[in-house]
Amino acid sequence: MLALALSLKSRSVGAGGMLRARLLTRTAVATRHFTAMVARSAKDAAGGPTSELREFERVSELPQQDPDATVEVEVAYSDLNYKDGLIVLGRSGVVKSFPIVPGIDFAGTVVRSRSPHFREGDAVALTGNKAGQYFDGGYAQRAACQAEHLVKLPPGLSTLQAMALGTAGMTATMCVRHLETAGEVAPRLGPVLVTGASGGLGQIAVALLAARGFEVVASTGRAQEHAERLRALGAAQVVG
């Protein structure tokens with residue numbers, strides 16, 4: 001999973017291009033001015049850039065704000081999921097409407113809160129919950145969301161580490177836990193097959209299962225390309 005530091009510089013993304021974000025160390029924001037990536041539909045772009053970085057003075061100026069948001073976060077890191085890539089390129093199907101700030105995950109520090117559950121200075125993370133699809137997401141230096149969509153980061157887990165895992169890591173963890181509890185799957189019962197193993201979720205699932213003593217068979221349509229990495233993550237066998 002690619003974690004992106006959100007000290008953003010002015011760039012744009014074309015309909016046929018690649019996402020290019022300069023990865024820099026986050027610095028304190030001295031003023032309320034901040035940068036956000038705003039995506040528009042490929043149809044509206046008419047061959048021009050589908051995403052661009054813009055300057056804003058307050059979160060309320062962003063195009064798709066959640067009216068029920070109660071917490072404002074200074075975003076340190078986001079990550080790059082498949083959905084994000086589609087939205088950055090202006091493609092419909094996973095987004096309610098354009099324009100919007102992409103980024104279905106983010107982690108950072110609370111700077112303002114109307115919720116009793118969070119206060120200024122709390123390190124938090126958000127994964128999913130319609131961010132970046134229905135409401136403005138994490139590809140901005142500031143983001144607002146509902147308090148119930150946030151979780152406090154436990155001691156020892158940094159914002160960077162949280163976004164290195166992101167939605168993919170959370171989903172993989174939930175799947176492994178479900179297999180072990182509801183499915184009563186155990187290493188002694190034989191190998192476990194992980195499909196789509198070369199994707200973000202698949203790679204984390206391989207590593208988690210291997211660490212818990214399972215014999216992992218990793219399945220991917222790009223076995224020759226990814227076999228070495230999947231074995232390094234703990235796969236006993238890689239199949240195409």
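Observations
- The single residue among Ala218, Ala227, Ala205, Ala211 that is under 24 Å from Gly85 (Cα atoms) and hydrophobic (A, V, I, L, M, F, W, C) turns out to be Ala205.
- Test for Ala207: is it surrounded by 13 or more Cβ atoms within 10 Å (Cβ to Cβ) and either at pLDDT below 95 or in contact with a strand residue (DSSP E or B) (Cβ under 7 Å, 6 or more places away or on another chain) (or both): no
- Thr50 being modelled with pLDDT of 95 or more, assigned to a strand (DSSP E or B), polar (S, T, N, Q) and in contact with a helix residue (DSSP H, G or I) (Cβ under 7 Å, 6 or more places away or on another chain): yes
- No other residue among Gly166, Gly156, Gly202 is assigned by TED's automatic domain parsing to the domain that holds Tyr82, under 24 Å from Ala125 (Cα atoms) and at pLDDT 95 or above apart from Gly156.
- Single condition Gly138 does not satisfy, out of (1) in contact (Cβ under 8 Å) with a residue 12 or more places away in the chain; (2) more than 16 Å from Leu62 (Cβ to Cβ); (3) not hydrophobic (A, V, I, L, M, F, W, C); (4) not in a helix (DSSP H, G or I): (2)
- Check on Thr167, more than 28 Å from Phe106 (Cβ to Cβ) and hydroxyl-bearing (Ser, Thr, Tyr): no
- When residues of the stretch 82-103 are limited to those that are in a helix (DSSP H, G or I) and more than 21 Å from Ala144 (Cβ to Cβ), the one modelled with the lowest pLDDT: Tyr82
- Of Glu72, Glu120, all but one fail to be closer than 16 Å to Cys145 by Cα, crowded, with 17+ Cβ neighbours inside 10 Å and not aliphatic (A, V, I, L, M); the exception is Glu72.
- Listed by first and then second residue, the pairs with beta-carbon distance under 6 Å, at least 6 apart or on different chains, first residue in the stretch 209-231 and of a type in the set (D, E, K, R), second surrounded by fewer than 16 Cβ atoms within 10 Å (Cβ to Cβ), are Glu215/Pro191; Glu215/Ala236.
- One residue stands out among those in the stretch 59-73 that are assigned to a strand (DSSP E or B) and of a type outside the set (D, E, K, R): the one that is nearest to the chain's Cα centre (by Cα), which is Val73.
- Unique residue being aromatic (Phe, Trp, Tyr) and part of a strand (DSSP E or B) when the list is Phe118, Phe106: Phe106
- When Ala197, Ala172, Ala162 are screened for being part of a helix (DSSP H, G or I) and touching a residue at least 40 places away in the same chain (Cβ under 8 Å), only Ala162 passes.
The values are calculated or read from the model by the stated rules, or taken from the named source; none is laboratory data. A quick note: this is a predicted structure, and the numbers were derived from the prediction, not measured. Positions of Cβ are generated from backbone atoms using ideal geometry, with glycine treated the same way; all protein chains shown enter the neighbour counts.
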